[in-house]
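Peer 1: Okay, handing you the structure first.
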Amino acid sequence: MTEHDTQPWPAPLAEGPLDATVTIPGSKSLSNRFLILAALSTQPVHIRGLLCSRDTELMIGALRALGVTCTQNDDDATDVTITPPADGVFHGDTDVYCGLAGTVMRFVPPLVLFANGPVRFDGDEQAYARPMKPLLDGLCRLGAHVEYHGEEGYLPFTVTPPTTLESNRRPVVKIDSSASSQFISGLLLAASRLPNGLTLRHTGRKLPSLPHIRMTMEDINAAGGAVEMTQRGEWTVEPRALTMAQEITVEPDLSNAAPFLGAALIASGSVSVPNWPAHTTQPGGLLPAILHRFGADVTLDGTSFNELADCEEFDDRYCGTLTVRSDGAIRALGELDLSAAGEIAPSIAAIAVFADGPSALTGIGHLRGHETNRLEALVREIERVGAHAHELADGIAIEPAAEGQLHGAVMASYADHRMATFAAMLGLRIADISIEDVQTTRKTIPDFTGLWTAMLAQHE
Ligand SMILES: O=C(O)C1=C[C@@H](OP(=O)(O)O)[C@@H](O)[C@H](O)C1
Ligand SMILES: C=C(OP(=O)(O)O)C(=O)O
């Protein structure tokens, strides 16, 4: 146990305008999709730049339990080779531990359709509150059997594979995915292996995180699959043998870049992130526009954000250095619909605490079912430092306080990586902020405190 596990971590105050470059580790969402697709592939896949954090370790643990060979390079754990079981059949009669990782608890159970025995799923106690039922109902429609060991619709549970998969016609699965896009992604990722593919319909009114569903579709199609959105809220997947490229590189996690890029606004100065993809399926790709709306100057390799869309130099594969500059004056957002990118809401909320007026983040009611009830947690932590916030039916309204009214506090992190990074962002401008259990950031960032202090050491 380190000191950080027991003592709140004193979040550093910015000593002056930043002039920093930060290299962001691989994307959680891409890493865990590539791992699943590699496990379903017909040949070994070499993944470079894999995120090495709790959520990817849990995914690797899950795949190993199912009989997939995952070999990490001794000198570089981000370099991994995945070899699916020789006959493509996953091992049953095993246990999968999901921790608090949505991508593990929603992407792995569909693999059990192709296993030779039941698989038991469990996770952290806090994971027992995360919705699972629409995904598991979908698996039951495909012939699996689900037994709940606690409350119906939640972890822990056992999935037993069907004795045979329906093979005379294409199954139609209808689920309400308004609580999480990951139900759709999980079913799509596995569906190419079904004898007749799948038609999947979303029956709810709202669907969050559409970029993450587009990411799923793009990754499946790049692996030789054939998935399309046939109409709003309906997808078809053709039966296909998936063959991923033999080598694939993971983009940096653009959502995890949000606290660092946001620091340029809160602390003033500039923060640069190399290897920023000009085109991406990650929802963090929306950050340049949002930070620009807050008043920052945003450039990719020197080209200003306003010109990026028309710039022919930036083809689909272009990666450059994204730089965010600010004099510390932050414009309020008014209302911002974040339904496409709910996972960056805590970072956007931290910036909004220092804006020149109120901001409302909407379209994110489903954040109540994330790692913690993030809307409730954000309101509580914003009030704790002396600013004001309240919950909306589908979001949060933030009212900044005059700087003299803001004060330090011991901030709770709720076992939520993004609540911990949110608190560190507040600590850039508010003295005497410390953060309980900052190591919870290991869910998706291997060394958050190291990266954060290194960023702060680079100032004007
Ligand atoms: O598919 C993915 O990789 C993710 C989808 C989103 O989930 P929700 O739709 O539940 O918000 C996002 O918030 C999560 O961090 C990652
Ligand atoms: C919601 C998140 O994670 P998960 O993949 O566990 O759903 C997140 O990282 O913000």
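The values are calculated or read from the model by the stated rules, or taken from the named source; none is laboratory data. A quick note: this is a predicted structure, and the numbers were derived from the prediction, not measured. No Cβ is skipped: glycine too gets one built from the backbone with ideal geometry, and neighbour counts run over all protein chains shown.
Peer 1: Scanning for something within 16 Å of ligand 1 (Cβ to nearest atom), surrounded by fewer than 23 Cβ atoms within 10 Å (Cβ to Cβ) and among the small types (Gly, Ala, Ser), does the range 407-417 turn up at least one residue?
Peer 2: Checked against the condition, which is being within 16 Å of ligand 1 (Cβ to nearest atom), surrounded by fewer than 23 Cβ atoms within 10 Å (Cβ to Cβ) and among the small types (Gly, Ala, Ser), the range 407-417 yields at least one hit.
Peer 1: A further question on this structure: Give Thr453, Thr421 a once-over and let me know the one that is crowded, with 17+ Cβ neighbours inside 10 Å and either away from ligand 2 (no atom under 16 Å from the Cβ) or not acidic (Asp, Glu) (or both). Steps first, answer last, please.
Peer 2: On the way: Thr453 fails: crowded, with 17+ Cβ neighbours inside 10 Å.
When all the criteria are applied, what remains is Thr421.
Peer 1: Just checking, which of Gly328, Gly342 is touching a residue at least 60 places away in the same chain (Cβ under 8 Å) and surrounded by fewer than 24 Cβ atoms within 10 Å (Cβ to Cβ)?
Peer 2: Just one listed residue meets the conditions, Gly328.
Peer 1: Looking at (1) within 16 Å of ligand 2 (Cβ to nearest atom); (2) acidic (Asp, Glu); (3) assigned by TED's automatic domain parsing to the domain that holds Thr449, which is the only condition Glu15 fails?
Peer 2: The single condition Glu15 does not satisfy is (1).
Peer 1: Would you list the helices (runs of 4 or more DSSP H) that sit entirely within the range 285-370 and hold 3 or more residues that are away from ligand 2 (no atom under 16 Å from the Cβ)? Please lay out each step first, then the result.
Peer 2: Numbers: elements: 287-293, 305-308, 345-352.
Hits in the range 285-370: 287-293, 305-308.
Peer 1: Mind checking which pairs have a first residue in the range 213-229 that is surrounded by fewer than 21 Cβ atoms within 10 Å (Cβ to Cβ) and a second that is charged (D, E, K, R), Cβ under 7 Å, 6 or more apart or different chains?
Peer 2: Cβ pairs passing all conditions: Gly224/Arg240; Ala226/Glu238; Ala226/Arg240.
Peer 1: Counting only residues that are within 14 Å of Pro134 (Cα to Cα) and in contact with a Leu (Cβ under 7 Å, 6 or more places away or on another chain), how many does the range 182-213 have?
Peer 2: Adding up the residues that qualify gives 6.
Peer 1: Considering the range 369-388 alone, what residues qualify as being buried (at least 24 other Cβ atoms within 10 Å of the Cβ) and more than 16 Å from ligand 1 (Cβ to nearest atom)?
Peer 2: Glu381, Ile382 - these are the residues of the range 369-388 that are buried (at least 24 other Cβ atoms within 10 Å of the Cβ) and more than 16 Å from ligand 1 (Cβ to nearest atom).
Peer 1: Sticking with this one: Residues in the range 251-264: is at least one touching a helix residue (DSSP H, G or I) at 6+ places or on another chain (Cβ under 7 Å) and more than 22 Å from Arg442 (Cβ to Cβ)?
Peer 2: no
Peer 1: Sticking with this structure for a sec: In the range 205-217, what count of residues is obtained for those that are assigned to a helix (DSSP H, G or I) and out of contact with any Pro (no Cβ under 6 Å at 6 or more places or on another chain)? It would help to see each step written out before you state the result.
Peer 2: We begin by selecting, within the range 205-217, every residue assigned to a helix (DSSP H, G or I); these are 210-217.
Next cut, out of contact with any Pro (no Cβ under 6 Å at 6 or more places or on another chain) only: 210, 212-217.
Result for the range 205-217: 7.
Peer 1: Output the residue which, of all residues in the range 114-168 that are part of a helix (DSSP H, G or I) and hydrophobic (A, V, I, L, M, F, W, C), is surrounded by the most Cβ atoms within 10 Å (Cβ to Cβ). Steps first, please.
Peer 2: Kept after step one, since they are part of a helix (DSSP H, G or I), are these residues of the range 114-168: 114, 125-129, 133-141.
Among the residues that remain, those that are also hydrophobic (A, V, I, L, M, F, W, C) are: 114, 127, 129, 135-136, 139-140.
Details: Phe114: 20, Ala127: 23, Ala129: 17, Leu135: 26, Leu136: 24, Leu139: 23, Cys140: 14.
Filtering the range 114-168 for residues that are part of a helix (DSSP H, G or I) and hydrophobic (A, V, I, L, M, F, W, C), the one surrounded by the most Cβ atoms within 10 Å (Cβ to Cβ) comes out as Leu135.
Peer 1: Next question. Scan the range 173-204 for residues that are more than 23 Å from Ile344 (Cβ to Cβ) and either in the same structural domain as Pro283 (by TED's automatic domain parsing) or part of a loop (DSSP other than H, G, I, E, B) (or both) and report the count.
Peer 2: The total comes to 8.
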